[in-house]
Amino acid sequence: MVEPQAHKRGIHMDFPRLEGASYANGDRTRVKQVLINLLSNAIKYNRPGGTVTVHCASGSPGRIRIDVTDTGAGLGPEQVKQLFQPFNRLGQEANAEEGTGIGLVLCKRLVESMGGAIGVESVVGEGSVFWIDLLLAGEPHPVAGTDGPLSAPRSPEPGQEKDCILLYVEDNPANLMLVEDLVARRPNIRLLSARDGITGVELARARLPDVILMDINLPGISGLTALRMLLDDRATAHIPVVALSANAMSRDVEKGLEAGFFRYLTKPIKVDEFMATLDVAFKHANSRPATAPAGDEK
Ligand code: MN
């Protein structure tokens, strides 16, 4: 997920080859968000041509530790002290590219709510090691019979029997994979994706999705321009388009809603808000009276 980002900066990623499986207690999506955040930071604040090394070993008793080591500028003791404080971004975010960063403060909250811990060791001029500890768990034993029901299609929620198509226009693969995970909770939703605005608009015209999820900062045309094109086209004007953007100032949100977004969500993705918004958007899409064939509308 993060390798394209690393390659762009000539950074080598070194992942561990694990000798055996280890199991930890945690929420899969949240653990993934935390790891993506640590890996993205290790790439973002590395030196060109640097290395990111991931290491995994049993830590203190009952825990497993994952280290993410970078070869960046490192952090002084003062900076380390402030790292997990709310509203502190080390002044490095001003020129930061849009990422999936949920922020270290939120990482800390998530890891601790899973009974784990997070920390950093850093040497100025050498780099930093960010680590998380998770609670070790025993090997899960598959329960007899779960194979069938779990792999069989789950029964849809009432009112969601219809198969729906969601188009996600997003250039960041990590965000796309996170949304794939979340959408998997709704077995009736088919997810399509496009990496830029023009492809997104073309795909929307060709497939007429029920709902569109739109990033704002995209290569080529912006999400706002893509929205304009969708609204200007009679074939796609009715589709609710939900913005999902790292531009989180209230001005950005207002501007987005004025431009015609159905809802405006900000990154990092808040899981509950995201799922609730999807449900509202699909309900809206399904409540639309069936349209006459295009030929009759003239
Ligand atoms: Mn983007």
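The values are calculated or read from the model by the stated rules, or taken from the named source; none is laboratory data. This one's a predicted model, so the numbers in the text were calculated from it and none came from an experiment. Glycine also receives a Cβ, built like all others from the backbone with ideal geometry; neighbour counts cover every protein chain displayed.
Could you check residue 66 against (1) loosely packed, with under 15 Cβ neighbours inside 10 Å; (2) under 29 Å from residue 138 (Cα atoms) and say which number it fails? So residue 66 meets the others, but not (1). Could you please find all residues in the stretch 180-195 being in contact with a strand residue (DSSP E or B) (Cβ under 8 Å, 6 or more places away or on another chain), assigned to a helix (DSSP H, G or I) and surrounded by 15 or more Cβ atoms within 10 Å (Cβ to Cβ)? Passing the criteria: only 183. Of the listed requirements (1) buried (at least 19 other Cβ atoms within 10 Å of the Cβ); (2) over 23 Å from residue 196 (Cα atoms), residue 286 misses just one: (1). When residue 260 is tested against (1) within 16 Å of the ligand (Cβ to nearest atom); (2) at pLDDT 95 or above; (3) among the small types (Gly, Ala, Ser), only condition (1) is not met.
On the given criteria, is residue 74 part of a loop (DSSP other than H, G, I, E, B), crowded, with 17+ Cβ neighbours inside 10 Å, within 16 Å of the ligand (Cβ to nearest atom) and at pLDDT below 95?
In short, no.
Quick one: in the stretch 196-244, of everything that is surrounded by fewer than 21 Cβ atoms within 10 Å (Cβ to Cβ) and small (Gly, Ala, Ser), which residue is nearest to the ligand (Cβ to nearest atom)? If we take residues in the stretch 196-244 being surrounded by fewer than 21 Cβ atoms within 10 Å (Cβ to Cβ) and small (Gly, Ala, Ser), then 222 is nearest to the ligand (Cβ to nearest atom). Restricted to the stretch 269-278, and to residues there that are surrounded by fewer than 19 Cβ atoms within 10 Å (Cβ to Cβ) and without any contact (Cβ under 8 Å) to a residue 40 or more places away in the chain, the residue that is farthest from the chain's Cα centre (by Cα) is 276.
Residues in the stretch 245-257 that are hydroxyl-bearing (Ser, Thr, Tyr) and either under 16 Å from the mean Cα position of the chain (by Cα) or within 16 Å of the ligand (Cβ to nearest atom) (or both): 245 alone. Figure legend. Inter-residue proximity from the stretch 174-187: first residues touching a residue at least 24 places away in the same chain (Cβ under 8 Å) and more than 16 Å from the ligand (Cβ to nearest atom), second residues among the small types (Gly, Ala, Ser) and outside any helix (DSSP H, G or I), beta-carbon distance below 9 Å, spacing 6+ or different chains. Indicated pairs: 187/155.
Checked against the criterion of being free of Cβ contacts under 8 Å to residues at least 24 places away in the same chain, in a loop (DSSP other than H, G, I, E, B) and loosely packed, with under 15 Cβ neighbours inside 10 Å, the stretch 40-63 has at least one qualifying residue. Residues in the stretch 219-233: is at least one in a loop (DSSP other than H, G, I, E, B) and under 25 Å from residue 283 (Cβ atoms)? For the stretch 219-233, residues in a loop (DSSP other than H, G, I, E, B) and under 25 Å from residue 283 (Cβ atoms): present.
In this structure, residue 163 does satisfy being at pLDDT 75 or above and more than 30 Å from residue 40 (Cβ to Cβ). Cβ-Cβ distances below 9 Å connect the following pairs, each with a first residue in the stretch 248-268 that is without any contact (Cβ under 8 Å) to a residue 60 or more places away in the chain, a second residue that is surrounded by fewer than 18 Cβ atoms within 10 Å (Cβ to Cβ) and among the small types (Gly, Ala, Ser), and a separation of six or more residues or different chains: 266/248.
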